[in-house]
């Protein structure tokens, strides 16, 4: 299923950047979950472009809940959320119509869809679709929070600058929920934003590393093989545009350790079991062990840049050069982090519903 | 679906390390594909422990094809392959029965399965299950090869030693298919094996980085979102025990580049389109662009080591120490590479069947 | 997946009778299929209540295609269709708020959704949702027709009156596409409508039997077991509200025959294979044999009637009586037939995409 | 997924009639369910051909549980059951090799699998595969019974003879579990068996109607649309070879009733809600209402008969005649009933796991 993800709780997305609307259908959610539209708006504003570090396209992201919510609570039936497109200037893209932006999906979309794709602004490949994921995520994050499960993502690294490590993770997640630019260290935050502005001014773009933590998850979620927590999370995370790497716990760095260094020793305290390190990122054998789940996503630099690049006309197959004229983001890392939170919430809610049944999330 | 993966072509795995047998059901495969049992045996021997760099457990991996193959060809119906367990010395694990090996699945399995799991030798979490994946993969890799699509994985890094970069990828893949220890540079190969022996002699273990290349894939496979090639491959790869990170193309390193460095410029030649670099790993917007697909997996050091570690008795919740006495691998990176090839073949065959229909792989 | 059906081509439905809107997301459809909005409108008008034989609720069924169609053709990305609700008089249902209409879903919905369901007008259980299925079906039926595959359903029996048998099925299907009341024999048509009016005047309702034929389908579609053509069609058909039975070919009547009577002898003519009877309904061993696919659905009488019935208040669990005051259909058989055509088209398009690949339907 | 059914609890089947073995993988089953091999054997013996009313092929149906069961309890991992084929006389089928048995799958299999199918004895289309379903069903039926949910099927009609109606359904189900020939009325039982013998002696075959009841099911299972209880059950039931019709409650007969006759009035007693009739078969709006679930399956006469029939050579496309010489069943209705029970148990267990979570069935 191409645009649907999940097993018990499923998300189906639709829409093109410059079409009528984007949106999603969130299904399988327990009846009786309070839907806080103000919270969803707040999440959407964290994803929305803002200031010089983002594109100048301005979208109100006014969403309409078409179904599945009644008197402020989920009914248990599919929740369709539609977000109309408003600030669309397709003319911006006119001159690039057949020029494939390097590392963007223009060329592959044309091969796949045989010329019938809506090419304007990236169409269905646009990062704009992530607004729908965030709207749905607002329902899920809130429901998880009521169960004591919180999710937060910071920009671990961008423009050669690193944020500090997670400390008191619960508190850090709370802090992140209030930050428009999700960096825990204030100096690092300022420095990163400077780097983004500097990339912008040279017509270029930056990527970065997002690090996510989940606290409050019980041990025992996930499966040995194809439904391992890593498998499900990575599947969902790699669907977010621009993600090129996903690692859990120590990730690639674990390959430089000896087993005796990499292993997380268990210890028991007051009848509960913990590990003294967390190189496994809270997951052993594909299953949560009760420690915080930790992972990182590599976000590539935005492919659309205004510097001139070599490319081809994908219709005529002629070699050409291209300098993008439309509005675009010099960096999407700070916007993507809320998408990562939301897609994580989707996977976790689904795993919990699998283990505890349909209604658990609402009880 | 817990132990089934794929959409049109599906693989269902079963079995425990010290139970009757392990095996799999491969379904959805086109009728008329030649099944080369000698080739499957050769693949299995590349996965099988061999020499001092592996566990001393010796399994013949004699497989029985119970169904779905008739007169040497696939029939189009499910192929069940059973591999009986033979060299099982459960006694080896007796003393560790309730001691959770750090970073292994003993503890999480006990939480999840409430004490009913077959704990012997890791049970269903054992790397032994990967033999079933390899047996199925032997059918798929051969079928893909007949279509001009080849897959190969080398040990990019292990014990602080790096292999050379891929060069002529098609030729390198051919070379790798003949190497018991999949390192392209001979000196690096020797050095890595020394490091593994040295880890073994100190009762420790090593991990490493596997790098995989696929050549001959057409442009246009995969989907924008949840069925992106990265999503599907990572889902399958993270199900392989010990994988803690997956990255495509330049992967995490792309986050240190500017957009102008990271982007892969297109060029046309004789009516075909190529990119002059391949930082995207052959995938743009989730869809193959016709360049080689390149990815890397982080393989953690084997968690079972003979050095003493702190842990808990997962029944009594007492703090304990543990030094594993059973047979175990000082490194599984060299064995895992063939599993990665096979699981990659599964994902690719499924994507191709999705695009071209059930029978294409056989025609 | 609760509100999503299909494997390669999927339909996700959403909406409640008296909420904002109903609609659907049709995904996996090949790019390049012409979307004929006039044809969709015509189909919707065949489903829409009309005249005294239907409810007096009047809905324009004005649909908005939010995504997935560009310049009049499918793009290959998800097609979201939204149909706003307009003529909703929730007051009609006020007095029945907690009285479970016998054989309707009021009681079971309340158990399942724990009181959070949108109870107005049946909510998500309302037959109104079928308008979304018809809108999507309009795209699929047209695409199938371009491949020579046509689908038609007549009212085989209603109110004790039988329509004639299918004759020249291709021609009959063409005739049915023009009939607002889908009965091939004119006298039977008049008589059935009289029976419906008579049921209405006594505050009662009627059901009936729908018979569907598909012509132009190739042999070889479907699978031996769980994806048998019968399994997939019945799964989809039983999801249509009010269907209580589905039978293929001779159906239940085949149980009264001897094998020698029931079997459909094969014969060859000009290199093609046919059967001289069609008791199997065009399906042998779950797979199409090239003969017309024939099946029948039992449609129960509309449960909402104005005659007084015994029931309970599902909140207080008190015994009550109920005579429905709202607008309701004395019969939905004539409206359901177009829903059956559309849901059939969904299953067939999916089977064809499975066999021939993503793009086949558009080529 | 072609040979896998279910969402949380899944069954994957494999095998051919005259191949090495048949079998299945049952996955998603809660850990801690007692596996009673004697009970499974007893169920298998109810399915096995016996006496003159069945084929003379004799299979011991000795099954091997290869995985997923440890110390007599389910572990929570996939249960693979293999049943070797023993009494295979492929020679019986030699002369019919290319002659398509009318209404059997020989012709459609050849079209679908392009000549690569294992044609011996029906291959993967053989009713023999149902032995695997029964083996798995033995685990599920027992687990459901421990939850107070019982399933039973009787032969409602065969050879023009009808069994009595269900009376005290719980008691009738208990009786059926002990009957080799599942007819509640003894006279009807004798008469039906006479009819079968008579069909056999004339080289012909009989079909019949199976009626199934489930008691002890809670209200609230199932979904409004695509996962309606009717949809899921019919999907599974139509996958059983020879089923050509499925109806719930009053089924097709409901189409002859007025709404006021067809509706099942609710009444409350001691705080619980019941219906005074059960024309809906325990399902309203796709969801169980707490009353017994009742449905019927039309089983066609066995297509393989020894009377001469017209047919074609599916290779040469020549018209031929065929009189089957192999061993075959004059009727499979009495054997199919236990398959229906088992496949019903699969659907119910899956629905319960969906609603209550993975472990509920074992707790």
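All of (1) in a loop (DSSP other than H, G, I, E, B); (2) closer than 15 Å to residue C:137 by Cα; (3) free of Cβ contacts under 8 Å to residues at least 24 places away in the same chain hold for residue C:12 with one exception: (1).
Among the residues of segment B:201-230, those identified as in contact with a strand residue (DSSP E or B) (Cβ under 8 Å, 6 or more places away or on another chain) and not in a loop (DSSP other than H, G, I, E, B) are B:206, B:208, B:209, B:210, B:211, B:212, B:213, B:214, B:215, B:229, B:230. Restricting to segment B:144-166, what's the tally of residues that are in a loop (DSSP other than H, G, I, E, B) and out of contact with any helix residue (DSSP H, G or I) (no Cβ under 8 Å at 6 or more places or on another chain)? Going through segment B:144-166 one residue at a time, the tally reaches 2.
With respect to residue C:46, determine if the residue is outside any strand (DSSP E or B) and in contact with a helix residue (DSSP H, G or I) (Cβ under 6 Å, 6 or more places away or on another chain). Here the answer is yes, as residue C:46 does meet what is asked. Residues of segment C:19-46 that are modelled with pLDDT of 95 or more, more than 17 Å from residue C:73 (Cα to Cα) and either in contact with a strand residue (DSSP E or B) (Cβ under 9 Å, 6 or more places away or on another chain) or crowded, with 20+ Cβ neighbours inside 10 Å (or both): C:19, C:20, C:21, C:22, C:23, C:24, C:43, C:44.
Residues in segment B:15-36 that are assigned to a strand (DSSP E or B) and under 16 Å from residue B:141 (Cβ atoms): 3 in all.
Inside segment A:335-363, can you point out the residues that are touching a strand residue (DSSP E or B) at 6+ places or on another chain (Cβ under 6 Å) and farther than 19 Å from residue A:29 by Cα? Across segment A:335-363, the qualifying residues are A:336, A:337, A:340. Residues being touching a helix residue (DSSP H, G or I) at 6+ places or on another chain (Cβ under 7 Å) and surrounded by fewer than 19 Cβ atoms within 10 Å (Cβ to Cβ): count how many of those fall in segment C:266-291. Counting residues in segment C:266-291 that are touching a helix residue (DSSP H, G or I) at 6+ places or on another chain (Cβ under 7 Å) and surrounded by fewer than 19 Cβ atoms within 10 Å (Cβ to Cβ) gives 0.
Taken together, the residues in segment A:251-289 that are more than 7 Å from chain B (Cβ to nearest Cβ), in contact with a strand residue (DSSP E or B) (Cβ under 7 Å, 6 or more places away or on another chain) and closer than 22 Å to residue A:225 by Cβ amount to 3.
Here D:98, D:104 are screened, and the one residue that is in contact with a strand residue (DSSP E or B) (Cβ under 9 Å, 6 or more places away or on another chain), more than 10 Å from every other protein chain (Cβ to nearest Cβ) and within 30 Å of residue D:315 (Cα to Cα) is D:98.
Of all residues in segment A:49-69, those being in a loop (DSSP other than H, G, I, E, B) and closer than 30 Å to residue C:132 by Cα number 8. For segment D:266-294, the set of residues classified as assigned to a strand (DSSP E or B), in contact (Cβ under 8 Å) with a residue 40 or more places away in the chain, under 28 Å from the mean Cα position of the chain (by Cα) and over 19 Å from residue D:168 (Cβ atoms) consists of D:283, D:287, D:288, listed by residue number. Here residue A:300 meets the list (1) at the interface with chain B (Cβ under 9 Å from one of its Cβ atoms); (2) within 30 Å of residue B:312 (Cβ to Cβ) almost entirely, failing just condition (2).
Checking each residue of segment A:185-199 against the condition of being within 14 Å of chain B (Cβ to nearest Cβ), under 23 Å from residue A:36 (Cα atoms) and crowded, with 24+ Cβ neighbours inside 10 Å gives no match.
Filtered by the rule that a residue be within 7 Å of chain D (Cβ to nearest Cβ) and out of contact with any strand residue (DSSP E or B) (no Cβ under 6 Å at 6 or more places or on another chain), segment C:231-240 gives C:231, C:235, C:238, C:239. Looking at (1) touching a residue at least 40 places away in the same chain (Cβ under 8 Å); (2) within 14 Å of chain B (Cβ to nearest Cβ); (3) more than 27 Å from residue A:212 (Cβ to Cβ); (4) touching a strand residue (DSSP E or B) at 6+ places or on another chain (Cβ under 8 Å), can you tell me which one residue A:129 breaks? (3) is the only condition that residue A:129 fails.
Per-residue answers, yes or no, for (1) in contact (Cβ under 8 Å) with a residue 40 or more places away in the chain; (2) farther than 15 Å from residue A:335 by Cα; (3) buried (at least 24 other Cβ atoms within 10 Å of the Cβ):
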site: A:98; (1), (2), (3): yes, yes, no
site: A:112; (1), (2), (3): no, yes, yes
site: A:124; (1), (2), (3): yes, yes, yes
site: A:137; (1), (2), (3): yes, no, yes
site: A:147; (1), (2), (3): yes, yes, no
site: A:151; (1), (2), (3): yes, yes, yes
site: A:162; (1), (2), (3): no, yes, no
site: A:169; (1), (2), (3): yes, yes, no
site: A:204; (1), (2), (3): yes, yes, no
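Considering segment A:315-340, and only residues there that are facing another protein chain (nearest Cβ under 7 Å) and part of a loop (DSSP other than H, G, I, E, B), the residue that is surrounded by the most Cβ atoms within 10 Å (Cβ to Cβ) turns out to be A:317. Touching a strand residue (DSSP E or B) at 6+ places or on another chain (Cβ under 9 Å) and under 20 Å from residue A:332 (Cα atoms): does that describe residue A:155? When the stated conditions are applied, residue A:155 passes them. For segment D:242-265, the set of residues classified as surrounded by 23 or more Cβ atoms within 10 Å (Cβ to Cβ), part of a loop (DSSP other than H, G, I, E, B) and over 24 Å from the mean Cα position of the chain (by Cα) consists of D:263, D:264, listed by residue number. For the list (1) closer than 30 Å to residue C:221 by Cα; (2) modelled with pLDDT of 95 or more, I need the number of the one condition that residue B:282 fails. It fails just one condition, (1).
The values are calculated or read from the model by the stated rules, or taken from the named source; none is laboratory data. Only a predicted model underlies this, so the values are computations on that prediction, with no experimental measurement involved. Cβ atoms come from the backbone with ideal geometry, glycine included; neighbour counts cover every protein chain shown.
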